[in-house]
1. Scan the stretch 47-64 for residues that are under 22 Å from residue 88 (Cβ atoms) and not in a loop (DSSP other than H, G, I, E, B) and jot them down.
2. For the stretch 88-97, state whether one or more residues are touching a strand residue (DSSP E or B) at 6+ places or on another chain (Cβ under 7 Å) and under 26 Å from residue 1 (Cα atoms).
3. Residues of the stretch 67-112 being in contact with a helix residue (DSSP H, G or I) (Cβ under 6 Å, 6 or more places away or on another chain) and assigned to a helix (DSSP H, G or I), which ones?
4. Could you tell me whether the stretch 25-32 includes any residue that is touching a helix residue (DSSP H, G or I) at 6+ places or on another chain (Cβ under 9 Å) and at pLDDT 90 or above?
5. Scan the stretch 66-83 for residues that are over 15 Å from residue 29 (Cα atoms) and exposed (fewer than 13 other Cβ atoms within 10 Å of the Cβ) and jot them down.
6. Please work out which residue is surrounded by the fewest Cβ atoms within 10 Å (Cβ to Cβ), limiting yourself to the stretch 1-24 and to residues that are under 23 Å from residue 48 (Cβ atoms) and in contact with a strand residue (DSSP E or B) (Cβ under 6 Å, 6 or more places away or on another chain).
7. Could you give me the residue pairs with C-beta distances under 6 Å whose first residue belongs to the stretch 11-32 and is in contact (Cβ under 8 Å) with a residue 40 or more places away in the chain, whose second residue is surrounded by fewer than 14 Cβ atoms within 10 Å (Cβ to Cβ) and assigned to a loop (DSSP other than H, G, I, E, B) wherever it lies, and which are 6+ apart or on separate chains?
8. Go through the stretch 27-46 and report how many residues are farther than 21 Å from residue 94 by Cα and exposed (fewer than 14 other Cβ atoms within 10 Å of the Cβ).
């Protein structure tokens, strides 16, 4: 049975490189990751200043959406593409970053 899942990444730009980070991420990285891993959609968002609590450690939220029987397969394809050089990385990506793969919980959604 096919599952919906989301791969969530919290990231920052390297110091002073927000413009480069945003250009690389939107124009290069998102399309490469979506194609390589087989995601169906991706979006990026920026934290609204003063709303993050916890020291506002991360400024950017990136969400990749997919569906399939084995969500972990997307991460395996992603790792292989990085290892093969099919996904370009950039010095504008700051460290550290956080990521996690989340799968749907049937019946655990609500819409107005």
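1. 60, 61, 62, 63, 64
2. So far as the stretch 88-97 goes, no, none of its residues is touching a strand residue (DSSP E or B) at 6+ places or on another chain (Cβ under 7 Å) and under 26 Å from residue 1 (Cα atoms).
3. 74, 77, 78, 81
4. Filtering the stretch 25-32 down to residues touching a helix residue (DSSP H, G or I) at 6+ places or on another chain (Cβ under 9 Å) leaves 32.
Keeping just the survivors that are at pLDDT 90 or above gives 32.
Yes: the stretch 25-32 contains one or more residues that are touching a helix residue (DSSP H, G or I) at 6+ places or on another chain (Cβ under 9 Å) and at pLDDT 90 or above.
5. Listed by number, the residues that qualify are 69, 70, 72, 76.
6. Per the stated criteria, the residue is 8.
7. Partner pairs satisfying both residue conditions: 11/97; 28/88.
8. Qualifying residue count, the stretch 27-46: 3.
The values are calculated or read from the model by the stated rules, or taken from the named source; none is laboratory data. Model, not experiment: these values are computed from the prediction. A quick note on method: Cβ atoms are made from the backbone with ideal geometry, for glycine too, and the neighbour counts reach across all protein chains shown.
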